[in-house]
Every structure is written in structure tokens, then in C-alpha cells.
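Input: a single structure, listed below in C-alpha cells.
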Amino acid sequence: MSDKHYLDWPFFEARHGELARSLDAWAAANIPHDHGPNVDDECRALVKSLGAAGWLKHAVGGEYGAGDAIDTRAICLIRETLARHSGLADFAFAMQGLGSGAISLQGTAAQKDRYLSKVARGEAIAAFALSEPAAGSDVAAMQCNAHIDGDHAVINGEKTWISNGGIADFYVVFCRTGEAPGARGISAFIVDANTPGFEIAERIDVIAPHPLARLRFTDCRVPLTQRVGEAGEGFKVAMRTLDVFRTSVAAAALGFARRAMDEALQRATSRKMFNQRLADFQLTQAKLAQMATTIDSSALLVYRAAWQRDQGRNVTREAAMAKLTATEGAQQVIDAAVQIFGGQGVVSGQMVERLYREIRSLRIYEGATEVQQLIIARELLKDVT
């Protein structure tokens, strides 16, 4: 069992500790640790289970969610806890939040009523479609476009690396609409999965399996009532959504690291070598100490950023620091756990082997480590005139 003393930190209120402990108990009883061959079906089942139990309400803001506003600390605690139990369960929760986040933040009353209640109950699966083959970190290079034809937008182009691609019921799609050059000429539209002109062009397999796809739009007509926010404000919508959930990516990494620490401690205290435990070797102790220090350092940055956002503060720099430190740190912690397991650590299906695959993508998606470094430096330089 992972250390829970951090729940007493001043970043949290009593309700946050209750939430984390309740979810931990629920996850232990309801989330399978082994993934079967059909990841799509498993992901759908997890969304339904999380929705039925009420956990998805925390991913949705407003009257359809768990409170008036999205509670960043709650989202982070949920992601950390789910990640410690199952990477796919964390993914299922996170994508419900990210996929519907733009609607929670800037959707119309009609859009919220149509989509958010279903998302919160686990009855509709959401997806966030921003990345393209030539526009990942560089959002301004976006080529997917939409032109206005009467009371509809007509979308043409592709999106790729779209999580929940192939199983989502709707996608929040970001397109170039040309109101201004660069990032200022992008708009966001909700595209239902059954809209004519929309198709799944390719399913993408990655080292930690989850639903992922390349999307294609061919004269895909979407009513203007499906636009999220004003015309040309799609980049702002995307960045506001990512600002909410970027810190939670760091929290998921923290959950993976805590699970790796649990596994390493169990292995080190049970494995016999040369008439003593592996844990009795000073080299092992040094490795465990470094792992624990890395985890606490990451946790402090994660929950500082989450607390600050819940106070209404701008957390661009703090969220970037949290994501950079937690994801890179988790990679180091998990690698150390694999080393402690020795040959068993690289056997397919071992928990530390699965964690090793799970953590790698977190250093890339929702802003790669190098992008976080640029963001931090840019924010620092703003204060130097």
C-alpha cells in the first residue's frame, strides 16, 4: 500500500482525503489488473463502471459534475489513484475529462445539456482532436480546415494520435477557420461519430495499448450550433482545456511511480540473495531512497500546481514544472524498479514491465518534456525586462 501521509498536506481539504481513500478501496474491488485482448471493449467497460460509481462527475464541470467548477486537486488525486491500479482505468477517466473539457469550460447551455450529463454517467465517450500529422507541439501549423456554408461548417483534413479514436461517441475537433493568421484563426467544433464525412482512417497500436486513431474529415458538415466558443477562439479553448488537465498528467505519472515503489519495496524485502534480503544491500537502499525522494519532489510540485489553480491563479509555469518533473521522475523510478526486479522485471505481464511501457508516452503527450522546458523558460523571462 502506497504511503498516504501526503493527504495531510495543507494543499488538501478533508474531502480530498476522503475521496482518495474511497476511490482506492473502490478501485481495489472493481478494476482488473490484467488487460485482455480487446482494449476497446475494456475501455468502454471502464467508462461505464467509472460513470455508474459516480467518479466521472469529477471530470465534468458545472451542474452535471461534482461541483460548480472543476476541482483540479480532485482530478489529480483520482488520476494518481487510478494510475496506481490500472493505466487503462486512468486513461478512461482522463479522456472523459479532456474530451469534454472544452464543453465544460466554454460550451453553450444546449451543448452542456446534450453531452456532459452522458459523459458524467459514462453513457457517452468523449475525445479531444487537436494533433495532426504535421501539427503536434506546433498547433499553429494546423492544416485541418473548416469553411462556413450557410448555417454549417464544412470540415476537411486529418487528425492523428487521437485518444479514444474509434470508440468515442463525439470528438471536439479543432480546425483552421481563417479569422486571423496562425493560432488566432482556429475554431472548435463538436463532431458526433456518426456524422457523414467523418471516418476512422487508421487505428494506431502503441506500446501501452489504448484506443488511438487517425481521423479523416471529407466535406464533413457540422451545424454552427456545434461550435465551442466564438469563431477564431479555438486555440484559447484548447489551451484552457489543456491547462486544466496538464497537471493531472503529472498526477498520473505520480501514480505509476508510487506503484513502482510499492512493487520495488515488496521485491527488495522478499528476494533472498547471498543469505540476506535484497533490501539489506546498501546499493539497494540508496536506490530506494532516491526513488522515494523523487516521488515526494514530484508530488509537491503536482499538488502545488493543482492547489494554485483551484485558488483561481494562473498555473502555466507551475503546471509545466509539475508535468516535466513528475513524468521524467516517474520514468527514473520505474526504471529503478525494473532493475531491482532483475530479469523478472522485463518479463511480459509483470507489473513493473507494464509500468515501464505505460510511463513512456506521458513524457510526450499534452506537451512533450522539451515543450515544458520552453514554457517554463518563457514564463521566467517574462519577469525580466
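Structure summary
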{"quantity": "Top-ranked residue of region 154-168 - restricted to ones that are under 29 Å from residue 44 (Cβ atoms) and touching a residue at least 60 places away in the same chain (Cβ under 8 Å), ranked as farthest from the chain's Cα centre (by Cα)", "calculated": "155"}
{"quantity": "Residue that is farthest from residue 149 (Cα to Cα) [pool: residues in region 215-259 that are at pLDDT 95 or above, within 19 Å of the chain's Cα centre (by Cα) and aliphatic (A, V, I, L, M)]", "calculated": "257"}
{"quantity": "Qualifying residue in region 174-181 (condition: among the acidic types (Asp, Glu) and without any contact (Cβ under 8 Å) to a residue 40 or more places away in the chain)", "calculated": "no"}
{"quantity": "Yes/no for residue 349 being assigned by the TED database to the domain that holds residue 266 and outside any helix (DSSP H, G or I)", "calculated": "yes"}
{"quantity": "Counted residues, region 104-139 - those being touching a residue at least 24 places away in the same chain (Cβ under 8 Å), outside any loop (DSSP other than H, G, I, E, B), small (Gly, Ala, Ser) and out of contact with any Phe, Trp or Tyr (no Cβ under 9 Å at 6 or more places or on another chain)", "calculated": "1"}
{"quantity": "Scope region 295-338; condition in contact (Cβ under 8 Å) with a residue 40 or more places away in the chain and assigned to a loop (DSSP other than H, G, I, E, B); matching residues", "calculated": "315"}
{"quantity": "Lone unmet requirement of (1) of a type outside the set (A, V, I, L, M, F, W, C); (2) under 22 Å from residue 140 (Cα atoms); (3) without any contact (Cβ under 8 Å) to a residue 40 or more places away in the chain for residue 196", "calculated": "(2)"}
{"quantity": "Some residue of region 213-229 being without any contact (Cβ under 8 Å) to a residue 60 or more places away in the chain, crowded, with 22+ Cβ neighbours inside 10 Å and in contact with a Gly (Cβ under 8 Å, 6 or more places away or on another chain)", "calculated": "yes"}
{"quantity": "Selected residue [within 30 Å of residue 110 (Cβ to Cβ), outside the structural domain of residue 357 (by the TED database), touching a residue at least 24 places away in the same chain (Cβ under 8 Å) and of a type in the set (Gly, Ala, Ser)] from 61, 54", "calculated": "61"}
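Yes/no matrix, rows are residues, columns are (1) modelled with pLDDT under 95; (2) under 28 Å from the mean Cα position of the chain (by Cα):
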position	(1), (2)
276	yes, no
294	no, yes
307	no, yes
316	yes, yes
326	no, yes
359	no, yes
371	yes, yes
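A quick yes/no check of all residues on (1) in contact (Cβ under 8 Å) with a residue 60 or more places away in the chain; (2) closer than 30 Å to residue 290 by Cβ; (3) surrounded by fewer than 22 Cβ atoms within 10 Å (Cβ to Cβ); (4) not assigned by the TED database to the domain that holds residue 141:
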position	(1), (2), (3), (4)
247	yes, yes, no, yes
251	yes, yes, no, yes
255	yes, yes, no, yes
263	yes, yes, yes, yes
266	no, yes, yes, yes
269	no, yes, yes, yes
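The values are calculated or read from the model by the stated rules, or taken from the named source; none is laboratory data. All values derive from a computational prediction rather than experimental measurement. As a convention, Cβ positions derive from the backbone with ideal geometry for all residues, glycine included, and neighbour counts pool all protein chains shown.
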